[in-house]
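S.K.: Provided herewith is a single structure, encoded as structure tokens, for subsequent inquiry.
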Amino acid sequence: MYVALSTAVRAQVPFGKPRPATPGDIQLGIKRLAVLGSVLYIAAHPDDENTLLLTYLHNERNLRTAYLSLTRGDGGQNLIGPEQGENIGVIRTQELLAARRIDGPEQLFSRAYDFGFSKSTDEAVKTWGRDQVLSDIVWLIRKFQPDVIITRFPPDPRAGHGHHSASGFLAEEAFKLSNDPKSYPEQLRYVKPWQAKRLFWNAFTPGRFQSNEKPSESGTLLGLETGLYNPLLGKSYGELAAESRSQHKSQGFGVGANRGARMDYLLLKGGDKPQVDLVEGIDMSWNRVPNSERVQELIYQLNSQFVPAQPTSIVATLVTLHREISQLDTTQLYVRTKRQEVETLLQQCLGLVFEALPLDYVGTPGGTVDIRLTGLGRTNFPVKLTRLRLPQLGRDTAMAMPLKANEQHLFTMSAKLPTNLRLSQPYWLEKPIERGLFNVSDQRLIGLPENPPALTAEFTVEVEGLPFTFTRPWLYKYTDPVEGELYRSFEVRPEVSINLPERVYAFADNQAKTVEVLVKANRANVSGTLSVDVPTGWRVSPNSETFTLGEKYQEQRFTFSLMPMSSSAPEGRLRVSAQTPGGRVTTGLRTISYPHIPPQSLFPPAEAKVERLNIVVKAKNIGYIAGAGDDVPAALRQMGCTVTMLDEAELSKDLSRFDAIVVGVRAYNTEDRLRFNQDKLMSYVQRGGTLVVQYATPGGGGITQSGLKVNQIGPFPFTVGRDRVAEEDATVTMLNPSHMLLNRPNKITDDDFKGWIQERGLYFAQDYDRSYESLFSMNDAGESPKLGSLIYANYGRGHFIYTGLAFFRQLPNGVPGAYRLFANLISAGAKN
């Protein structure tokens, strides 16, 4: 059975330099031993959690606390890079784990895929699959066994997002079902039915998410003073919560610390009625466990015996406590959890450090890896290392080695990895994603934030005559010249990786394009044959190549010529594979690396979309001002354009050389250089240039009241609103079908709005000057028409366009109609 890891256990899988436990940490750990209560907080996305309330519950109330985010944030925008979809979900998963390392609670997920903005509970639940996600929540309630469940959102439109309201709705349903053995009985192989005592909504004033104003809700409403100061931590919970919240860097959610008073409110939604507190009347003591009187006495002793300057003062009592807990009913979750907490406290008080450090961060199934196992004690308390075990490799060594103070013991060995090791692909990405759900077949994995370690080492020590085993994952430790000592997870990779530089090869004509394929060795001395398969109607030359790579990480680049055999060549997938003596490889390698998260390696299929577009592009020389990260420049190059990225130096030059300038998504929120070059851009338009501005957001990251870097984006006034159309197949009405942008050089028809993904657009223009013309009307079902998805104005001899249409999603995914429309936008100033 998989048991959710405690905070203390998670701290042993560090990112960056691990922080040693302070006396304050140990004292908090002792206090936490006496509390047998738990809270599960449920919301929809990374960043939805109330970090202040979580921090308070874990560190002040000493409750075992977890945040269940139904999704991994896959549908959101990315402020720090070009990743979208499941790749931004991987980043946000790690950002949540970074947040939890600061505020303390555990992190859980369901299988729900964030498919983008949703305007209703019904749409979200239907897309995810009501039964599947409800099953996940029931599973995690049964597994975590919370006394209290708290939702962040109400199950109604006040939540502001269909995913938000759906998280509240599904949590309320799961609260009712989790104790019914007839509901999802297949789970009972691993867990038992469980009934939380109460369900609360972490109420907020509608429209004021971060407000601490008391909401005007009827019913049992509790107020909690969460803005307290913890002297053992040396910080207020507001300060800790701000540090935690600021880990959501891909969303630009850095916040300042709140050091004053703060009230949070809980509205009872189910269960028995308390008077003043969320766990009122719930026995939070060891009385919940039969025959635990001696355990309670020992925990009381720990509190009186602990000497901060001499943490070994409680080691003997910890050992006795561990022995007593082990004699209780270990089928109870709290017994197992508290025993693990005792082991962590013992390790902290003795200053024990155990590491399993491979000398490289990559291995392949069946390959050989050199590894160092290190053990270190930091006190003079008698500790004996009695066993080293590598369970996945069948290696087991008995010994009797005293761990003297500050004397490091090093064991080096060469390990042959099992041939059946799975690749280090995140478990939720091993199979293709269904539209609204990750495909995870192993029930025991559901909920885990990341893969269980594939390779571990077990260190058994004897303390006061009792054996204790500490399990450590394999971690690669290295030194960065700036950051110092860092860690990253050990990765299992295939023998080679096959990378394509483009996700889409789009052809505006029948001329051949070069396809580059990069083959990278993940072990030394690997050779094989590289093959390229294309759909019927396409030609590739050559269709195979041989490779020989003598050194690990050596790369070899191959070029293939790809062309459609006619203008009617069908779209399809180009697939590359490598045949080696060890088998067939069909995956690439993508490593996502940012300073605030550990490197994450993914193994996507080695394939790309190929399509023959019915498209004409008149603009050839494009300047691009990068915003918050997107792949539109690559799509422009696929259209046959030459793209120059406009940094400060390029912006200082003559802009008249460009047929069009395109501004990336959210650039007007994030790029200070636009503040100082806005007049130059407007002059460029006035003199005959074409400026296409992709969406900005109305708030955050700017210097103006609107959150923008400039007071006015275009030559005439308009504001950026919050209108969006989330239904990707929403009907689009052309308001002026004869407009040049809909006719030159490509005739835009209804067919060009077929096959769009995730959404039509977001952050539409509103309150625009009469000098602008709106080209489209569109709306989600049941809503009034939205007119600001694309506005156009003549300015002098040039053309200005603002668009909230989601080109940043459509173009990288090869949506033909989006290519045709964007070609018209950038070609607005081209001569016929």
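Each reported figure results from applying straightforward, stated rules to the coordinates on display, with no laboratory input. Just so you know, these numbers come straight off a predicted model, no measurement behind them. Glycine also receives a Cβ, built like all others from the backbone with ideal geometry; neighbour counts cover every protein chain displayed.
S.K.: Kindly list the residues of the stretch 446-462 that lie in the label zone of L421, defined by a backbone N under 18 Å from the point 7 Å along the Cα-to-C-beta vector.
M.R.: Answer for the stretch 446-462: 451-458.
S.K.: I'd like the distance separating the alpha-carbon centroids of the stretch 502-581 and the stretch 313-384, in whole Å.
M.R.: Answer, in whole Å: 48.
S.K.: Quick check: residue separation of T471 and T749 times 0.36 nm, minus the Cα distance between them. What number comes out in nm? Kindly include the intermediate steps, with their values, before the conclusion.
M.R.: On the way: separation 278, 0.36 × 278 = 100.08 nm, distance 6.17 nm.
93.9 nm is the gain from fully extending T471 to T749.
S.K.: With labels modelled as points extended 7 Å from the Cα through the Cβ direction, what inter-label distance (nm, one decimal) is found for L359 paired with R435?
M.R.: Those two pseudo-labels are separated by 5.3 nm.
S.K.: If you take the Cα atoms of the chain, find Rg, then find the Kirkwood Rh from the mean of 1/r over all pairs, what is Rg/Rh? Walk me through the intermediate numbers first.
M.R.: Values: Rg = 29.3 Å, Rh = 29.5 Å.
With Rh from the inverse mean 1/r over Cα pairs, Rg/Rh is 0.99.
S.K.: A further question on this structure: Using only Cα positions of the stretch 496-611, each an equal point scatterer, no hydration layer, compute I(q)/I(0) via Debye at q = 0.15, 0.20, 0.22 Å⁻¹ and quote the log10 values to two decimals.
M.R.: So the normalised log intensities are -0.68, -1.04, -1.17.
S.K.: Project the alpha carbons of the stretch 614-826 onto their principal axes and report the range along each, largest first, in whole Å.
M.R.: Here the spans come out as 45, 39, 30 Å, largest first.
S.K.: With a Förster radius of 35 Å, plug the Cβ-Cβ distance of N406 and S304 into 1/(1 + (r/R0)^6) and report the FRET value to the nearest 0.05. Present the calculation step by step, with values, prior to reporting the outcome.
M.R.: Details: r = 29 Å, r/R0 = 0.83.
Efficiency for this residue pair is about 0.75.
S.K.: Moving to a separate point now. How much FRET efficiency would the formula 1/(1 + (r/R0)^6) give for T546 and T397, where r is the Cβ-Cβ distance and R0 is 35 Å, rounded to 0.05?
M.R.: Working: r = 43 Å, r/R0 = 1.24.
Given R0 = 35 Å and the Cβ-Cβ separation, E is 0.20.
S.K.: A follow-up question, please. Given labels modelled 7 Å from the Cα in the Cβ direction, how far is it in nm from F716 to R189?
M.R.: Result for the modelled spin labels: 6.6 nm.
S.K.: Can you figure out the FRET efficiency of S218 with K31, using R₀ = 41 Å and their beta-carbon distance, to the nearest 0.05?
M.R.: 0.65
S.K.: Now for a separate question. For the stretch 75-120 and the stretch 136-189, write down the distance between their C-alpha centroids in whole Å.
M.R.: 19
S.K.: Taking every pair of alpha-carbon atoms in the stretch 33-284, give the share separated by more than 28 Å as a whole percent. Please report the intermediate quantities before stating the final value.
M.R.: Values: 9056 of 31626 pairs.
It works out to 29 percent of all Cα pairs.
S.K.: Would you mind pulling out the separation of the Cα centroids of the stretch 722-784 and the stretch 213-269, in Å?
M.R.: Answer, in whole Å: 41.
S.K.: Can you work out ³J(HN,Hα) from phi for every residue in the stretch 105-118, in order, using Karplus 6.51 cos²θ - 1.76 cosθ + 1.60 and θ = phi - 60°, giving whole Hz and x for Gly and Pro?
M.R.: Once rounded to whole Hz, the list reads x, 8, 10, 10, 9, 9, 8, 5, 9, 6, 8, x, 4, 10.
S.K.: Moving on. Are there trypsin sites (Lys or Arg not before Pro) in the stretch 587-655 that DSSP marks as loop and that have at most 12 other Cβ atoms within 10 Å, and which are they? Provide the component values of the computation, followed by the final result.
M.R.: Values: sites: R590, K609, R612, K618, K620, R637, K653; in loops: K618, K620, K653.
Those satisfying the criteria are K653.
S.K.: Here is a further query. So which chymotrypsin sites (Phe, Trp or Tyr not before Pro) in the stretch 499-589 pass both tests, a DSSP loop state and at most 14 other Cβ atoms within 10 Å of the Cβ? Don't jump to the answer; show the numbers that get you there.
M.R.: On the way: sites: Y505, F507, W538, F547, Y553, F558, F560; in loops: Y553.
Sparse-neighbourhood loop chymotrypsin sites (Phe, Trp or Tyr not before Pro): Y553.
S.K.: Only helices at least 20 Å long along their axis, Cα-based, and averaging 1.6 or more on Kyte-Doolittle count here, so list those DSSP H runs from the chain. Please list the in-between numbers first.
M.R.: Values: long enough: 86-103 (25 Å, -0.18); 130-144 (21 Å, 0.18); 162-177 (22 Å, -0.07); 333-350 (26 Å, -0.39); 672-686 (22 Å, -1.07).
Qualifying helices: none.
S.K.: Using helices alone, what [θ] at 222 nm do you get for the chain, with -39,500 (n - 2.57) per DSSP H run of 4 or more residues, divided over all residues and rounded to the nearest 500?
M.R.: Values: 17 runs with 178 residues, N = 832.
Mean residue ellipticity at 222 nm (helix-derived): -6500 deg cm²/dmol.
S.K.: Test of the criteria: in the stretch 164-272, which chymotrypsin sites (Phe, Trp or Tyr not before Pro) are in a DSSP loop and have at most 12 other Cβ atoms within 10 angstrom of their Cβ? Write down the numbers at each step before the final one.
M.R.: On the way: sites: F169, F175, Y190, W194, F200, W201, F204, F209, Y229, Y237, F253, Y265; in loops: Y190, W194, F204, F209, F253.
Passing sites in the stretch 164-272 are F209.
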